[in-house]
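> Mind having a look at this structure? Questions to follow.
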Amino acid sequence: MLNAGATDSLADSIRGAGLKVTAPRLAVMRALAEAPHASADRIFGAVRIELPSTSLQAVYGVLAAFVTSGLVRKLEPAGSSALFERRVGDNHHHLVCTRCSAVHDVDCAIGSAPCLVPSDNAGFTVHAAEVTYWGLCPDCQTALAAEAAAERMLPA
């Protein structure tokens, strides 16, 4: 649970985005502070602990307002539920584990947006590029190595 100073900072962030501070909005921001790449269902679970009468629809409404205001970023990795994060306003990308779906932020190697420039921009002015790297996280690499070792130990 976040301390009072952190909660005040979250409230300031909400106000700074031009939104009214409400209990559900604060609860969603606290949930995102605890789980930086969370699905709406995971956020809903955390919010329900704090505010049991909050509906899933209310959480979706808060998330939509946060995304529209630029307070929260919505990620949509292929084959996964949408994820939400508070890290906005910088040029970063994501590593996604193909086994457990863990997500990790990675800074852009170039530093300025867009990181990539299309070979043909079709007349567009490109502002940003969204990059998702796919691979195995360290925990899944370890688990797969252990599973392979265990299989080698089984009689043929």
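> Calculate, in nm to one decimal, what Arg48 and Trp134 gain on full extension: separation in residues at 0.36 nm each, minus their alpha carbon distance.
Value of the extension gain: 27.8 nm.
> Counting other C-beta atoms within 10 Å, and keeping those with at most 14, which DSSP coil chymotrypsin sites (Phe, Trp or Tyr not before Pro) do you find in segment 93-145?
Phe124
> Something else about it: Can you tell me the 0 to 90 degree angle between the C-alpha axis of helix 138-153 and the longest principal axis of the chain, rounded to 10?
The two axes meet at around 30 degrees.
> Once you've got the GNM for the chain with C-alpha springs shorter than 10 Å, pick whichever of Ala82, Ala27, Ala146 has the biggest mean-square fluctuation.
Ala146
> Looking only at Ala128, Ala23, Ala58, which one moves most when the chain is put into a Gaussian network model with springs between Cα atoms under 10 Å?
Greatest mean-square fluctuation among the candidates belongs to Ala128.
> Order these by the 10 Å Cβ neighbour count, fewest first: Val126, Val117.
With the fewest neighbours first, Val126, Val117 line up as Val117, Val126.
> Would any residue of segment 84-110 have its amide N under 11 Å from a label point 7 Å out along Cα→Cβ of Glu147? List them or say none.
Only 99-100 pass the distance filter.
> How high is the relative contact order of segment 4-75, given as a whole-number percent (alpha carbon pairs under 8 Å, six or more residues apart)?
So the answer I get is 31 percent.
> Give the order of Arg152, Arg73 when sorted by the count of other beta carbons within 10 angstrom, beginning with the fewest.
Ranking Arg152, Arg73 by Cβ neighbours within 10 Å, fewest first, gives Arg152, Arg73.
> Still on this structure, please answer the following. Relative contact order for the chain: what percent, with Cα pairs under 8 Å and sequence separation of 6 or more?
Relative CO of the chain lands at 16 percent.
> Separate question: For a footprinting-style exposure proxy, rank Met153, Met29 by other Cβ within 10 Å, fewest first.
Ordered from fewest to most neighbouring Cβ atoms within 10 Å, Met153, Met29 come out as Met153, Met29.
> If you work out Rg/Rh (Cα atoms, Kirkwood Rh) from the coordinates, which of (i) 1.62; (ii) 1.07; (iii) 1.05 do you get?
Computed from the coordinates, Rg/Rh (Cα atoms, Kirkwood Rh) corresponds to (ii).
Readers should treat all values here as calculations from the given coordinates under stated rules, not as data from a laboratory. No experiment lies behind these values; they were computed from the predicted model shown. When we count neighbours, we look across all protein chains shown, and the Cβ atoms used for this are built from the backbone with ideal geometry, even at glycine.
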